[in-house]
Amino acid sequence: MQGFSQVSVIGLGYIGCPTAVVFAGRGINVVGVDLNENTVRSINHGEAHIVEPGLDEIIRAVVASGKLRATTRPEPADAFIVAVPTPFLENHAPDLSHVEAAARSIAPVLAKGNLVVLESTSPVGTTRRLASILAQERPDLRFPLSDTEEVDVLVAYCAERVLPGKILYELTHNDRIIGGLTPACAERASELYKIFVKGACFQTDAATAEMIKLAENAFRDVNIAFANELSTVCESLNIDVWRMIELANLHPRVNILQPGPGVGGHCIAVDPWFIVHSLPARTQLIANARQINDSRPAQIVNQVKAALEKLPGAAIACLGLSFKADIDDLRESPAVKIVHALQQETTADLLIAEPYISELPRLLAGSERARLVEADDAVRRADIILVLVNHKHFYSLGAAELAGKILIDTRGMFRGIFSSETGTGQKWQRSGSASAGAAR
């Protein structure tokens, strides 16, 4: 087969957009497809619609060179990469409607010799399901749904393995697991990714590749749940969980992760449920880890309510809304859930500091008690400081700004500033007539 002169990326979100950019940066003509007209407009103007270090500059360059353009409808290409959302429904069942819609959207423009790669994190069997939909839509083409290698369109699976904030580096440097519906599919997909991937491309079958992605995220989720459970135990025993973990990790075979207010993002907070949904009787550990992490926001809300009992009518500075530090991604963010619960369950004024957004998400907007403000303004005006995200912007705060405040630090950012600490990073010490953190 010949090389790839044009690649189409379906879905220009946090993974699809950077993927389109790195292909274009290697001289490939790339057509990005997204239903959101604002996203398409931004990219065609050479502007990133998401926050990711280095993305703005590269988008500007590849759009100016003519290597990247965006549209709302698929066009013919040599390879199609599907990078659309795969959320779950209320019962934690996977919602594959976006994958199915993407398959139907590209089916009319498929041609013999094309490659289709699913990148969306999906339950085992989704790649085969995508191929089945394509076969239904295009009975004139042969797809790899049997043992035969005689096919017209090759289909494979290759999930991303990147860390927000380092996506451009990790897209190119991390190893990739490429699963084909046939060995020929895996080989052709490897040829595609080797255009920009500097890491190794390991080939396997599609089902194994799908399971690997789910297992990677479930592994992280279980280990975060362990840290969060330790945090609860340490709080009850009046132990500094951050120091305990720091010292425990000196053991050469121990690497406990950091506790927090919960787990967010489209991957770790979602993907383990895909495994549980497939075999609920065999996945008790994974399900329990999900429940532990999902319960964390309610625990933090209860801590804030306890602080409000000591300071009735206090204003709360809520530092951070994104699901992790130094990005603008609010998907499944425990911080958003916590702030929303405080809106619903208290009468406190909520001064929200999130440097990576310009307006509050819909869930939080519309309330006079919730306002988006600068971090220093929020801390100055509030009586209770609730640290939800360890953005680098917040590290400039110190003892002087936090003195006389009740500090509930779910990220351990300010441990050591105060002379009395509990396991969750709260600092409680009597100062005057109110319970407050006392700076050293």
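Odds and ends about this structure:
- Formal net charge of residues neighbouring PHE88 (Cβ-Cβ distance under 14 Å; K, R +1; D, E -1): -4
- Of VAL62, VAL109, VAL222, the one that fluctuates the most in a GNM where the chain has Cα springs shorter than 10 Å: VAL109
- Proximal charge balance of HIS277 [Cβ under 14 Å; K/R count +1, D/E count -1]: -2
- Axial C-alpha extent at least 20 Å, average Kyte-Doolittle at least -1.0 - helices from the chain (DSSP): 206-236, 284-310
- Simple label model, 7 Å out from Cα along Cβ direction - ALA400 to ASP175, nm: 5.0 nm
- In the chain, Cα pairs under 8 Å separated by at least six residues give a relative contact order of 11 percent.
- Rounded, prolate or oblate (a/c below 1.5 giving rounded, otherwise prolate when a/b exceeds b/c) for region 305-415 by Cα gyration tensor: oblate
- Over region 102-214, relative contact order from alpha-carbon pairs under 8 Å, at least 6 apart, %: 28 percent
- Here region 1-119 exposes an accessible surface that is 50 percent carbon and sulfur, computed with a 1.4 Å probe and the other protein chains kept in place.
- Violating pairs (Cα-Cα greater than 18 angstrom) within the set LYS324/LYS392; LYS166/LYS198; LYS166/LYS324; LYS67/LYS198; LYS166/LYS392: LYS67/LYS198
- Region 64-143 - percent relative contact order, Cα under 8 Å, separation 6 or more: 33 percent
- Expected 222 nm ellipticity per residue - DSSP helices of 4 or more, -39500 (n - 2.57), all of the chain, to 500: -11500 deg cm²/dmol
- Overall form of region 115-168 per C-alpha gyration tensor (a/c, 1.5; a/b vs b/c): prolate
- Within the accessible surface of region 142-296, defined with a 1.4 Å probe on protein heavy atoms only, the carbon and sulfur portion equals 57 percent.
- Relative to the current alpha-carbon distance between VAL233 and ALA101, full extension at 0.36 nm per residue lengthens the span by 43.0 nm.
- Solvent-accessible heavy-atom area per residue, rounded to whole Å², over the chain at 1.4 Å: 43 Å²
The values are calculated or read from the model by the stated rules, or taken from the named source; none is laboratory data. Keep in mind that this is a model prediction, so the values were computed, not measured. Here Cβ is always computed from backbone atoms with ideal geometry, including for glycine, and neighbour counts include all displayed protein chains. Note: areas computed on protein heavy atoms with side chains; ligands, DNA, RNA excluded. Shrake-Rupley method; radii C 1.70, N 1.55, O 1.52, S 1.80 Å.
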